[in-house]
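Here, each number is a calculation from the coordinates, and none is a lab measurement. It should be emphasised that the depicted structure is a prediction, and the values quoted were computed from it without experimental measurement. For neighbour counting, all protein chains shown are included, and Cβ atoms are generated from backbone atoms with ideal geometry for every residue, glycine included.
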Amino acid sequence: MPMIEMRATITGGVQGVRYRDFVQVSADALGVVGYAENCSDGSVFVIGQGWPEVLKEFVEYLHEGSLQSEVHGVSVEWGTVSNVYDDFSIRQV
């Protein structure tokens, strides 16, 4: 079974509340690679690559969020791996 990729847009109070740090720690714990970045509209965009069962668990973490964050919605698209990432990083815009 090949690795797959998920792309998620998280809305709510998710910027300036250590949400991306939470996502990075969660990804590292699960062995997910990819990145998280803030978007100009106040949302956070996440790409995660890994095994399907692991990514499903990762999406649960995206819904949970950091203690200070308030997640209103998580929109997820599933697909094949396009660019392969070596680790999980936080991108600065």
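Quick look at the values:
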{"quantity": "Close pairs from region 12-28: first over 13 Å from Glu57 (Cα atoms), partner of a type in the set (Phe, Trp, Tyr), Cβ under 6 Å, at least 6 apart", "calculated": "Gln24/Phe88"}
{"quantity": "Neighbours by Cβ (under 9 Å, 6+ apart or cross-chain): first from region 59-74, touching a residue at least 12 places away in the same chain (Cβ under 8 Å); second aromatic (Phe, Trp, Tyr) and part of a strand (DSSP E or B)", "calculated": "none"}
{"quantity": "Subset of region 60-93 (residues that are among the polar types (S, T, N, Q) and either under 19 Å from Gly12 (Cα atoms) or part of a loop (DSSP other than H, G, I, E, B) (or both))", "calculated": "Ser66, Gln68, Ser69, Ser75, Ser82, Asn83, Gln92"}
{"quantity": "Criterion violated by Gly50 - all others in (1) without any contact (Cβ under 8 Å) to a residue 60 or more places away in the chain; (2) under 13 Å from Val23 (Cβ atoms); (3) of a type in the set (Gly, Ala, Ser) satisfied", "calculated": "(2)"}
{"quantity": "Single residue of Leu55, Leu67, Leu62 found to be surrounded by fewer than 16 Cβ atoms within 10 Å (Cβ to Cβ) and of a type outside the set (Phe, Trp, Tyr)", "calculated": "Leu67"}
{"quantity": "Criterion violated by Val93 - all others in (1) without any contact (Cβ under 8 Å) to a residue 60 or more places away in the chain; (2) surrounded by 15 or more Cβ atoms within 10 Å (Cβ to Cβ); (3) β-branched (Val, Ile, Thr) satisfied", "calculated": "(2)"}
